[in-house]
1. Out of everything in region 1-59 that is free of Cβ contacts under 8 Å to residues at least 24 places away in the same chain, aliphatic (A, V, I, L, M) and over 12 Å from S95 (Cβ atoms), what residue ends up being surrounded by the most Cβ atoms within 10 Å (Cβ to Cβ)?
2. Could you please give the count of residues in region 114-148 that are more than 22 Å from I209 (Cβ to Cβ), in contact (Cβ under 8 Å) with a residue 12 or more places away in the chain, open to solvent by 10 Å² or more (accessible area, probe 1.4 Å) and not aliphatic (A, V, I, L, M)?
3. Test V151 against the stated conditions and say whether it is out of contact with any Phe, Trp or Tyr (no Cβ under 7 Å at 6 or more places or on another chain) and open to solvent by 40 Å² or more (accessible area, probe 1.4 Å).
4. It is to be established whether one or more residues within region 164-175 are open to solvent by less than 80 Å² (accessible area, probe 1.4 Å), within 30 Å of K124 (Cβ to Cβ) and not β-branched (V, I, T).
5. Hey, can you tell me all the residues within region 13-51 that are of a type in the set (D, E), more than 25 Å from T183 (Cα to Cα) and not in a helix (DSSP H, G or I)?
6. Can you name the condition, by its number, that Y54 falls short on among (1) assigned to a loop (DSSP other than H, G, I, E, B); (2) at pLDDT 95 or above; (3) not hydrophobic (A, V, I, L, M, F, W, C)?
7. Would you confirm whether or not region 181-202 contains a residue that is assigned to a helix (DSSP H, G or I), over 14 Å from the mean Cα position of the chain (by Cα), over 30 Å from R218 (Cα atoms) and not aromatic (F, W, Y)?
8. Go through (1) closer than 28 Å to K192 by Cβ; (2) more than 15 Å from the chain's Cα centre (by Cα); (3) among the acidic types (D, E) for E46 and report which single condition fails.
Amino acid sequence: MGVRQKKLIIMDGMPGSGKTTSALRVAEQLSAWNISNRCIVELEAEHPLFIYGYSFDSLVEEEQAELFITLLLEKYRAFVQERLEHEDEVTIIESVMLQDTINSAHHMGMNSDKLRHFAVSLAKILAPLNPVLIYFYQMDVEAHWRFICSVRGNEWGPVSLHTDDDFREAGELWSSSQTFVRTTIDAWDIPKLVIENRDYRWDEYSNDITAFVEANVRDSRQ
């Protein structure tokens with residue numbers, strides 16, 4: 001029997017969209033199928049795809065944008081090499097590829113053409129891991145922020161939202177970045193499941209994710 005190809009499952013979307021829970025469930029399912037895996041959640045200490053030791057508030061200036069890109073390209077190359085050499089068959093990364101890299105760069109004002117080129121470069125680096133993507137796309141971003149804050153409180157993670165103006169501004173900001181990320185997703189020629197979240201049908205989404213992983217990860221192991 002030949003050496004099985006490595007697989008990367010990217011679980012991504014806006015904050016509060018269910019990424020962490022879904023990623024952990026996928027890891028459990030893979031283990032139940034006797035597929036060795038490593039699930040790297042967003043809040044993991046010493047995350048291999050986060051920049052440490054630098055702080056970026058804006059990527060409008062060319063010098064800052066280039067430093068951000070250079071540091072992350074190095075991180076992604078090292079991550080791929082480490083995953084290729086490790087015995088784990090499947091790696092799951094939650095939130096980081098799109099939300100904390102492309103989305104954050106968009107929020108900080110990186111030039112759109114430069115950001116598109118950066119996204120393509122990241123996709124090429126990740127290619128040896130045969131990535132698949134599961135993305136939670138929020139159909140009404142402002143409503144999503146209102147829903148999540150009603151569940152988790154008005155101050156958590158990246159947000160502090162209290163007034164109607166707060167929610168409206170957050171809706172506009174994240175709608176813009178989510179739309180940009182969606183263009184990246186649509187252009188990326190890999191197996192993908194885009195869950196267009198309208199009314200939080202978690203059981204249905206969970207079933208869709210399981211079927212997608214079974215078809216694109218488990219079946220390729222056999």
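1. Restricting to residues being free of Cβ contacts under 8 Å to residues at least 24 places away in the same chain, aliphatic (A, V, I, L, M) and over 12 Å from S95 (Cβ atoms), the top hit is L24.
2. 6
3. Working: out of contact with any Phe, Trp or Tyr (no Cβ under 7 Å at 6 or more places or on another chain): yes; open to solvent by 40 Å² or more (accessible area, probe 1.4 Å): yes.
Answer is yes for this residue.
4. Within region 164-175 (the criterion being open to solvent by less than 80 Å² (accessible area, probe 1.4 Å), within 30 Å of K124 (Cβ to Cβ) and not β-branched (V, I, T)), the answer is yes, since at least one residue qualifies.
5. Looking only at region 13-51, we keep the residues that are of a type in the set (D, E), and these are 28, 42, 44, 46.
If we keep only those that are more than 25 Å from T183 (Cα to Cα) as well, we get 28, 44, 46.
Within region 13-51, E44, E46 qualify.
6. (2)
7. There is no residue in region 181-202 that is assigned to a helix (DSSP H, G or I), over 14 Å from the mean Cα position of the chain (by Cα), over 30 Å from R218 (Cα atoms) and not aromatic (F, W, Y).
8. (1)
The values are calculated or read from the model by the stated rules, or taken from the named source; none is laboratory data. Predicted, not measured: the structure shown is a model, and the values here were computed from it. Heads up, the Cβs are rebuilt from the backbone with ideal geometry, glycines too, and the neighbour counts pull from every protein chain shown. For accessibility, only protein heavy atoms count, side chains too; no ligands or nucleic acids. Shrake-Rupley method; radii C 1.70, N 1.55, O 1.52, S 1.80 Å.
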